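In what follows, a structure is listed as structure tokens, so that the remarks can point back to it.
The values are calculated or read from the model by the stated rules, or taken from the named source; none is laboratory data. Bear in mind that the values here come from a model prediction, so they are computed numbers and not experimental data. Glycine also receives a Cβ, built like all others from the backbone with ideal geometry; neighbour counts cover every protein chain displayed.
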Protein chains: 6
Amino acid sequence: MRPSGRDLSEMRPVSIETGFTKHAEGSCLIKIGDTHVLCTATIEDRVPPFIKGSGLGWVTAEYGMLPRATNTRMRREASAGKQGGRTVEIQRLIGRALRAGVDRVALGERQITVDCDVIQADGGTRCAAITGGWVALRLAVNKLMKAGDVISDPLLDPVAAVSCGIYAGQPVLDLDYPEDSEAGVDGNFIMTGSGKLIEVQMSAEGSVFSRDQMDQLLTLAEKGVGELVAAQKAATA
Amino acid sequence: MRPSGRDLSEMRPVSIETGFTKHAEGSCLIKIGDTHVLCTATIEDRVPPFIKGSGLGWVTAEYGMLPRATNTRMRREASAGKQGGRTVEIQRLIGRALRAGVDRVALGERQITVDCDVIQADGGTRCAAITGGWVALRLAVNKLMKAGDVISDPLLDPVAAVSCGIYAGQPVLDLDYPEDSEAGVDGNFIMTGSGKLIEVQMSAEGSVFSRDQMDQLLTLAEKGVGELVAAQKAATA
Amino acid sequence: MRPSGRDLSEMRPVSIETGFTKHAEGSCLIKIGDTHVLCTATIEDRVPPFIKGSGLGWVTAEYGMLPRATNTRMRREASAGKQGGRTVEIQRLIGRALRAGVDRVALGERQITVDCDVIQADGGTRCAAITGGWVALRLAVNKLMKAGDVISDPLLDPVAAVSCGIYAGQPVLDLDYPEDSEAGVDGNFIMTGSGKLIEVQMSAEGSVFSRDQMDQLLTLAEKGVGELVAAQKAATA
Amino acid sequence: MRPSGRDLSEMRPVSIETGFTKHAEGSCLIKIGDTHVLCTATIEDRVPPFIKGSGLGWVTAEYGMLPRATNTRMRREASAGKQGGRTVEIQRLIGRALRAGVDRVALGERQITVDCDVIQADGGTRCAAITGGWVALRLAVNKLMKAGDVISDPLLDPVAAVSCGIYAGQPVLDLDYPEDSEAGVDGNFIMTGSGKLIEVQMSAEGSVFSRDQMDQLLTLAEKGVGELVAAQKAATA
Amino acid sequence: MRPSGRDLSEMRPVSIETGFTKHAEGSCLIKIGDTHVLCTATIEDRVPPFIKGSGLGWVTAEYGMLPRATNTRMRREASAGKQGGRTVEIQRLIGRALRAGVDRVALGERQITVDCDVIQADGGTRCAAITGGWVALRLAVNKLMKAGDVISDPLLDPVAAVSCGIYAGQPVLDLDYPEDSEAGVDGNFIMTGSGKLIEVQMSAEGSVFSRDQMDQLLTLAEKGVGELVAAQKAATA
Amino acid sequence: MRPSGRDLSEMRPVSIETGFTKHAEGSCLIKIGDTHVLCTATIEDRVPPFIKGSGLGWVTAEYGMLPRATNTRMRREASAGKQGGRTVEIQRLIGRALRAGVDRVALGERQITVDCDVIQADGGTRCAAITGGWVALRLAVNKLMKAGDVISDPLLDPVAAVSCGIYAGQPVLDLDYPEDSEAGVDGNFIMTGSGKLIEVQMSAEGSVFSRDQMDQLLTLAEKGVGELVAAQKAATA
């Protein structure tokens, strides 16, 4: 029934290649099917003004899409002179998600910026960015711990994200672009490795949904995040 | 237990004054406690390029906050030269929410722009904007129907929104600013008059939550939206 | 002869509702006929760099119009990415006008920002903004004096403004929008409570005028400002 | 008494060199003392959208200052990314002033853009720009008439401008920079060759003035504009 | 003598992986040592206004750098709100270089946009972008020819680029970052497969050079471009 | 053969009028035929952050064109909201060129900004800007030396620039606009008074060139720069 022939609860193949770029303190290229996102983590010894002197650390994120990551070329945001509303929404989401998994006292007064740049898009780029972003963050924190700059591990539990939606009347896991563009209802579920929820965003563009349907999607999301967390652990072991 | 002395499932007082400005095709000043939002609906005989010639209508929204709507003065976005990320996120949310309740075929090829400007803020401005925005939209559509420009009613079911969250360990309905700034978990629930969900956005800034907690908040939200829809109906009767 | 049926030297009804918003140190909603402007005054313990350390205070103003304050919707300046030329001109005028009535030594080294946001427009918005802006300023200064932060009153004489013009060949007081859009010659007169001039801006878009006509308009302006100052005093008594 | 040793009612030396640049349809370098402004007029066979098809012409103006026209270097507006409030105010004023002297029916459906760029500033740049801008406009219109594109002369009466103010308690004509920076009250007076008023802008930064003082300044302005119009006529004879 | 141990006239290893992304009409990841640039070519059936209706085609380029392509993180240009001067300079250079190798009549009235995004930087990114950009362009044109949309090959001769400079007093080929940051004189040489010059940019930041030195660098550049053209041909065979 | 009737190796007439504006520390109006550029040099006691405390000076440049410097009016960059790519490229070039002739230790920790504004354009504006910019710089440095603020002369050798190109198959010196717009190959050559090269930019828009042709143009450039340096010396003697 799904365009890709996948089962309703079947993820696309997941691969995570760490160390994809040499300058960043942590980096990976994550591939969820044909969605490819390059994630890098940068450590800096400064924090935003509003927490200066607090002893707390900060994690933030930026998101971008290369102009031809998509089927038709999109205008380059740097040339348009501003980030679009969608970009701003997504990078705020990634930042909140990653922060939820960080013990900011243990991190100490420093900032880690996670850049997520979509090389190729086929649906679910924000979820791939969160999942891959956490891997880049994990690698950067490992470097801090190895150097003795951080003593107690500030990353207690992995953070990963997956999309689910109602496609052709059925709840499905991990929507690719053909499904995403048809689904009336879809959502992003951000969870921890131990199964807690961090953020749920369900939206029905021009449609509505029931509490029952929401429950079914949550169950699918728990399965998907479980598989993603396993991939994160394998990549950073 | 709540700073305002309200019960856990008690909304703030709601009032909706229609016709607050004379030029707009529909307008109201909605007050949810100390949160006051002016909503106006503008009808135009043009639609965005991507639906030109389709026969379908469009509903969109813009959101703003007067500089001194808040406790300390915020920089005016027009002077800063761009809308902040929060503003963009909120106005996209309002637009999606209102469109979910519109039969775009019945509306015909015209655009209605709903402007929501916060006069005074005390938490929950985006929910007040959606609830009041629907009233302005309802009044504008009434004008179209009265003039015979629209035959079949494109607004089948009211749309309203409420926030809920975990405050001091307890699920509470309709957070005001003191609660909002303390709550680790909170969400916005957008629903129809008949109890269907349109959008759910739950977020745990620096925290996590369980499926059980999510269920409790959904139950509170159903109660709150019910009361808001009653107020909408009374104001537009 | 006037579209509204008013006499040549008759103002529209004036009302000033103080305390319209709760956060600002001073606020009012001023209504000059169908022109409604919300004015708020914000006190901050900082001054612009060019007077830092001088012991002098500063008063500045910003002006905005809600998108649907007018008969057809105007583009939101925050979304356009900049304030238009007309907006910039007006807010500079308001700032100069209010500063002319302030003893900046008595105010002490602090800044008061007066925000004037037009809720509904029907001609004369800049004059209403100045007149209402002074009321907000007065209320904010009262708060400073009550708290003992300011000893000697820095507001010696009220500041108010009114427009006059040549409509259908006749000098008229307080133009509303139908008159304003037809008048070849019109001007704004900013004066003190004791009848001194602060600023005169007379302009003949595509026309000319004589010194005699200018004199007649000045006489009308003196009458109008007198009535506005009486309303200011009543509102802040 | 004046820093320059001039009499109270004495203008600075005026010179107007026409044809200063070769590409523009009309151009001049006007010098009012040490204030030097290059004015060019450009004719285009298009008009702004709001008068398209009306048969009417349009005259507009833009104003700029070279970064080192002043005593200390000002930031280049092109590099700052926007025109400052003062620039916008001035170029709107120049446009209105020039339009007041144009028969837009006789001009026909075309646009003339007058660019006024300050090469060296010593007070009164906006008045010099209006006076020189009219000369550039006159030369461009002459070219249209010579080519038979315009039959009836659309420039019936010259337009010129001068500043006056209260300096050291005395009304003075044509303020230079040392006077301008000290004067509590000053104004710009735009008039026609036949002595009619087009625009009056009097302002008292941090001060006030009486109707008597205003009258005295008007008398000075009439004298100054008379001399400027004579120079305009000599330059374009 | 070189930090990398290379001979004076030795290029870094070159690799070109075609088809790196699936949506673009042509794409490759080019690696010149540790400089990695993703190049994509997009075909569109529209041309810039200035050649509309001329029957001629157009080739243009855009250039970007991911924030952490470099040793320290650079601010994202989309978030800064504009492309920096260096970016603008480089993308104009790439466009001119590629157009020099295109028969725009044979291409027909269509536009090809080549996007060059630096994934990892180690000196010479603009040269890598031109060399890889030509490969992406070649692949996109192949697709047009295969589909019969273009009959006669518009790409007569490959275009490639290399940098040379004076490092530690010696002329060297293909500067990497440690050399580039030390070299007083360096230049970019863009040439065709048959050895003709397209563009030469030699610059001595804070230094000077002689005609003899320029000749030596040109000889090195011819060697380097020869090797790059061989790699281009192998990749697109 | 040349539209102007000049010999292949003949420059246009050169004139340099120093002291063209009174405020700048150094200024000149340089005319290369019908290309007229106003150059001013501003001395400031601050340097960019990246050299603060180094004891080194800095020289930078900005470039602009008045809207009607050209045959058809160009949009004012201040009003367009940003400097175009061509402007940015040129001003970076001017800055690099001038810095190459400066002993930054001898200059001491101060910044000189050279503004080059094109009053009238007829080809070769960037070369005229560099040549005239050096004169303004020389005059400003003279002032510093006369005041004893700088002891050892930081300007050892003049800097001048000229364009050459292949026009109608022949190498020609100092292209004017009619030649520039036709030439397939042209370049800018920046040299010192003693004949050393600072920067070479040769470009073939839609064409190619040989090493022999490049040599011929270099020989022409040496002749042209020689004449320009003589004019610089005469003007600043």
Output for the stretch C:202-237, where each listed residue is buried (at least 21 other Cβ atoms within 10 Å of the Cβ) and polar (S, T, N, Q): C:S203, C:Q232
Within the stretch D:189-201, tally of residues that are surrounded by fewer than 16 Cβ atoms within 10 Å (Cβ to Cβ) and at negative phi: 1
Per-region count, the stretch A:144-156, residues at pLDDT 95 or above and within 18 Å of the chain's Cα centre (by Cα): 1
Enumeration of residues in the stretch E:166-184 that are touching a helix residue (DSSP H, G or I) at 6+ places or on another chain (Cβ under 7 Å) and closer than 14 Å to E:G124 by Cα: E:V172, E:L173, E:D174
Residue satisfying all of: in the stretch F:174-188; more than 12 Å from F:V208 (Cα to Cα) and touching an Asp or Glu at 6+ places or on another chain (Cβ under 7 Å); surrounded by the most Cβ atoms within 10 Å (Cβ to Cβ) among these: F:L175
Among the candidates B:A204, B:A235, residue that is farther than 14 Å from B:Y167 by Cα and among the aliphatic types (A, V, I, L, M): B:A235
The stretch A:82-107 - residue that is assigned to a loop (DSSP other than H, G, I, E, B) and charged (D, E, K, R) and, of those, farthest from F:G84 (Cα to Cα): A:D103
Residue within the stretch A:49-60 that is under 16 Å from A:T113 (Cα atoms) and at the interface with chain E (Cβ under 8 Å from one of its Cβ atoms) present: no
Among (1) loosely packed, with under 15 Cβ neighbours inside 10 Å; (2) of a type outside the set (G, A, S); (3) modelled with pLDDT under 95 - the single one E:K82 does not satisfy: (1)
Verdict on A:A136 being touching a residue at least 60 places away in the same chain (Cβ under 8 Å), within 14 Å of chain E (Cβ to nearest Cβ) and farther than 30 Å from E:R46 by Cα: yes
Only listed residue being surrounded by fewer than 17 Cβ atoms within 10 Å (Cβ to Cβ) and of a type in the set (S, T, Y), chosen from A:S27, A:S54: A:S54
Candidate set from the stretch E:184-218 (those that are more than 9 Å from every other protein chain (Cβ to nearest Cβ) and among the polar types (S, T, N, Q)); member that is farthest from F:V59 (Cα to Cα): E:Q216
Residues satisfying the stated conditions in the stretch F:108-157, i.e. among the charged types (D, E, K, R), within 30 Å of D:D117 (Cα to Cα) and assigned to a loop (DSSP other than H, G, I, E, B): F:R110, F:D122
All positions within the stretch A:171-214 that are within 16 Å of A:E227 (Cα to Cα), of a type outside the set (F, W, Y) and either at pLDDT 95 or above or touching a strand residue (DSSP E or B) at 6+ places or on another chain (Cβ under 9 Å) (or both): A:V172, A:L173, A:D174, A:L175, A:N188, A:I190, A:M191, A:T192, A:G193, A:K196, A:L197
The lone exception for E:G26 - which of (1) under 26 Å from E:A235 (Cα atoms); (2) at pLDDT below 95 it fails: (2)
Residue match in the stretch B:99-117 (condition: in contact (Cβ under 8 Å) with a residue 12 or more places away in the chain, under 17 Å from B:D180 (Cβ atoms) and in contact with a helix residue (DSSP H, G or I) (Cβ under 6 Å, 6 or more places away or on another chain)): no
E:A183 being of a type in the set (A, V, I, L, M, F, W, C) and part of a strand (DSSP E or B): no
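If you check C:R92, C:R96, which single one turns out to be more than 8 Å from chain B (Cβ to nearest Cβ) and within 20 Å of C:Q232 (Cα to Cα)?
Answer to the selection: C:R96.
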Of residues in the stretch F:59-78 being crowded, with 17+ Cβ neighbours inside 10 Å and without any contact (Cβ under 8 Å) to a residue 24 or more places away in the chain, the one farthest from E:R92 (Cα to Cα): F:R68
Qualifying residue in the stretch A:13-24 (condition: surrounded by 17 or more Cβ atoms within 10 Å (Cβ to Cβ), more than 13 Å from chain E (Cβ to nearest Cβ) and within 20 Å of E:K31 (Cβ to Cβ)): yes
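If the requirement is being in contact (Cβ under 8 Å) with a residue 24 or more places away in the chain and not hydroxyl-bearing (S, T, Y), which of these qualifies: B:V162, B:V200?
Sole residue among the options that is in contact (Cβ under 8 Å) with a residue 24 or more places away in the chain and not hydroxyl-bearing (S, T, Y): B:V162.
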In the stretch E:118-132, the residues that are within 15 Å of E:D176 (Cα to Cα) and either at pLDDT below 95 or within 14 Å of chain A (Cβ to nearest Cβ) (or both): E:V118, E:Q120, E:A121, E:D122, E:G123, E:T125, E:A129
One residue from A:V150, A:V159 being crowded, with 24+ Cβ neighbours inside 10 Å and either over 25 Å from C:G81 (Cβ atoms) or touching a helix residue (DSSP H, G or I) at 6+ places or on another chain (Cβ under 9 Å) (or both): A:V159
F:S79, sole failed condition from (1) within 25 Å of D:A61 (Cα to Cα); (2) within 8 Å of chain D (Cβ to nearest Cβ); (3) part of a loop (DSSP other than H, G, I, E, B); (4) not β-branched (V, I, T): (3)
Residue in the stretch A:203-221 that is over 13 Å from the mean Cα position of the chain (by Cα), in a strand (DSSP E or B) and free of Cβ contacts under 8 Å to residues at least 40 places away in the same chain present: yes
